[in-house]
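Computed from the coordinates by the stated procedures, all read-outs in this text should not be read as laboratory data. A quick note: this is a predicted structure, and the numbers were derived from the prediction, not measured. Reconstructed Cβ throughout: ideal geometry from the backbone, glycine too, with neighbour counts over all protein chains shown.
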Amino acid sequence: MFDSIFELSTVDVLLQSSALETLQTVRLASEAVTLALGLAISYVAYRGYRRNQSRPMLFVAAGFALIVLVPALVVGVLFVGADVPLPVVNSIAQASELLGMGSILYGLWTPRQ
């Protein structure tokens, strides 16, 4: 009775496999768009710092770089390139994200000089 419920046909397996590949492609594209937008925001904030000599904007720019760029580099270099265990890579990426959020908060909180 239960054997027929849990049996998957070849067609079902192929459909599930193609759905996972599509999902993986969409996720990769989403990561690329997120990286591009984060870098664009960081660049605009850095230009604002250079134009106005506004130190808080420098912290905002650095914060976005720490949130977006550093975790992408950490995953690419350590996990893919150096085969470092995923929990270590995730810990480093999360620490960078926390520092980035703190930097953005500091930049938005400090009075403009």
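Things to note:
- The stretch between residue 94 and residue 27, if pulled fully straight at 0.36 nm per residue, gains 22.2 nm over its current Cα-Cα span.
- Other residues within the sphere of radius under 13 Å centred on the Cβ of residue 39, judged by their own Cβ, net out at 0 (K and R +1, D and E -1).
- Per-residue ³J(HN,Hα) for segment 84-90, Karplus 6.51 cos²θ - 1.76 cosθ + 1.60, θ = phi - 60°, Hz, x for Gly and Pro: 6, x, 4, x, 5, 4, 5
- Scaling the Cα radius of gyration of segment 41-107 by the globular reference 2.2 N^0.38 Å produces a ratio of 1.25.
- Note on residue 37 and residue 51: the extension gain reaches 3.0 nm, defined as 0.36 nm multiplied by sequence separation minus the Cα-Cα distance.
- Label separation (residue 73 vs residue 20): 3.3 nm, computed from points 7 Å beyond Cα along the C-beta direction.
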